[in-house]
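The values are calculated or read from the model by the stated rules, or taken from the named source; none is laboratory data. Here the structure is a predicted model, which is why all the values come from computation and not from measurement. Note that each Cβ is placed from the backbone with ideal geometry, even for glycine, and that neighbours are counted across all protein chains shown.
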């Protein structure tokens with residue numbers, strides 16, 4: 001080999017391609033890393049508002065429909081107005097509805113008690129006849145009938161034409177205790193002639209109660225009593241007629257059930 005012959009160059013081997021960076025060491029650095037951070041920051045709110053299926057962030061606003069939002073923000077104003085309107089309507093209806101403070105008692109049919117007393121009582125019973133229609137029978141009650149050893153009594157109550165109460169009470173009980181209990185008084189207040197018969201007057205002022213009393217020869221006591229005036233009590237007393245056995249027709253319908261005493 002001469003000096004002019006060039007020296008052979010060492011055989012070069014091809015360079016292997018560099019492996020793609022992985023792991024934390026693969027993170028870009030420099031300007032590339034700086035530009036990647038804003039893009040990632042912008043992506044986060046976009047993902048949060050990606051639709052109704054995206055879960056809200058803890059502590060963030062909860063999405064609701066417009067109807068729910070309106071109900072939540074309106075408050076009690078609408079509810080209060082609705083209640084006030086209902087109350088106003090009720091007040092108007094109450095104001096225009098006709099009302100009556102007059103007590104209306106039921107009218108009873110006492111024919112069954114009259115028939116039973118006239119046929120089975122141990123004495124001849126007395127009953128009103130020919131009273132005007134404005135005399136309304138409101139109660140009828142028989143006691144002691146067909147009960148051996150007990151007094152037999154009949155109570156028959158009315159509402160008078162002046163809307164007062166009057167009652168016919170009769171019994172074969174001993175006169176003194178029966179009269180005292182029916183009149184609520186012990187001392188007579190004079191006498192009064194009614195339809196040719198003499199009746200004894202009683203006045204219980206504490207109860208606003210007037211009474212006309214008559215004791216018959218057979219020991220039966222007849223008392224006409226109530227809040228009615230003596231004039232109305234005399235009208236009831238004058239209508240009383242003695243009922244003979246077999247003369248009272250059997251009623252075709254039963255009497256009304258027991259009602260409050262007049």
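Listed conditions (1) surrounded by 18 or more Cβ atoms within 10 Å (Cβ to Cβ); (2) at pLDDT below 95 are all met by residue 230, apart from (2). Scanning region 153-179 for residues that are assigned to a loop (DSSP other than H, G, I, E, B) and either touching a helix residue (DSSP H, G or I) at 6+ places or on another chain (Cβ under 8 Å) or within 20 Å of residue 107 (Cα to Cα) (or both) returns 160, 161, 162, 163, 164. Scanning region 187-202 for residues that are more than 14 Å from residue 240 (Cα to Cα), touching a helix residue (DSSP H, G or I) at 6+ places or on another chain (Cβ under 6 Å) and not in a strand (DSSP E or B) yields nothing. For region 110-133, the set of residues classified as under 16 Å from residue 234 (Cβ atoms), touching a strand residue (DSSP E or B) at 6+ places or on another chain (Cβ under 9 Å) and assigned to a loop (DSSP other than H, G, I, E, B) consists of 129, 130, 131, listed by residue number.
Of the residues making up region 155-176, at least one is under 27 Å from residue 118 (Cα atoms) and either surrounded by fewer than 12 Cβ atoms within 10 Å (Cβ to Cβ) or modelled with pLDDT under 95 (or both). Here residue 254 fulfils each of the conditions (1) within 23 Å of residue 119 (Cβ to Cβ); (2) modelled with pLDDT of 90 or more apart from (2). Restricting attention to region 179-213, the residues that are farther than 18 Å from residue 237 by Cα and buried (at least 19 other Cβ atoms within 10 Å of the Cβ) total 1. Here residue 139 meets the list (1) touching a residue at least 60 places away in the same chain (Cβ under 8 Å); (2) over 21 Å from residue 242 (Cα atoms); (3) surrounded by 14 or more Cβ atoms within 10 Å (Cβ to Cβ) almost entirely, failing just condition (2).
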